[in-house]
Amino acid sequence: MKSIQKIALVLTKILELLHWVGTASMAALAICSVAAGPWLSGMLERILPQYGPELNTYGYEMTVTNAAGAVELRAVLLFGISAVFILSLMAMVFRNVHLILKKSQESTPFQPDNIRMLREIGIFCIAVPVIGLVMSAVSRLVLGVDAVETSVNLYGFSMGIIVLCLTQSFAHGAALEQDVEGLV
């Protein structure tokens, strides 16, 4: 059991770091779409035929080419901005999971800090599709209703609600643990 927990600790830290690298990459993509537009456009025009004209992160998908098939740099900028927020939230989810596992190694998981971090995980999971919906609306306003195609996966809502329900169970467990300690 200890080896599984050690593996989970390492994996959650690696996933957190990978999400922060992804966040920095998406920030660089957004900056390049403004500062080095022709270079980025040329690079994307070579890459997109192989992989498709859509960019996707955690269920938020945006087509970054126009009707003629040319790269729309404003769409790349908007996608980059939304991906920075989404990947940052997911990095924080893995950070909190890592901290919960670490704090629970030697003592009970029913600690106030763990309950707070679990609640934050639920909020972060719900915020991911909310950001997708908001950025989808912003993209339609900026680029025009017919100029952009976006898709948002709402799976994060259900995951967030499940985690928030688990938070209530952990809070109840903490209260029961305090009651038992008060009786002893």
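Figures for the structure shown
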read-out: Summed side-chain charge close to GLN105 - residues other than GLN105 whose Cβ falls under 13 Å, Lys, Arg +1, Asp, Glu -1; value: +3
read-out: Average accessible area per residue (Å²) across the chain - probe 1.4 Å, nucleic acids and ligands excluded; value: 57 Å²
read-out: THR57 - accessible surface, heavy atoms, 1.4 Å probe, Å² rounded to 10; value: 20 Å²
read-out: Heavy-atom accessible surface of the chain: percent carbon and sulfur, 1.4 Å; value: 69 percent
read-out: Cβ charges +1 (Lys, Arg) and -1 (Asp, Glu), total dipole of the chain, debye; value: 360 debye
read-out: Per-residue SASA entry for VAL145, accessible area with 1.4 Å probe, Å² rounded to 10; value: 100 Å²
read-out: Relative contact order computed over the chain (Cα-Cα under 8 Å; 6+ residues apart), in percent; value: 25 percent
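The values are calculated or read from the model by the stated rules, or taken from the named source; none is laboratory data. None of these values were measured; they are calculated from a predicted model. Cβ: placed from backbone, ideal geometry, glycine included. Neighbour counts: every protein chain shown. Please note that ligands, DNA and RNA were not included when accessible areas were found on the heavy atoms of the full protein model with its side chains. Shrake-Rupley method; radii C 1.70, N 1.55, O 1.52, S 1.80 Å.
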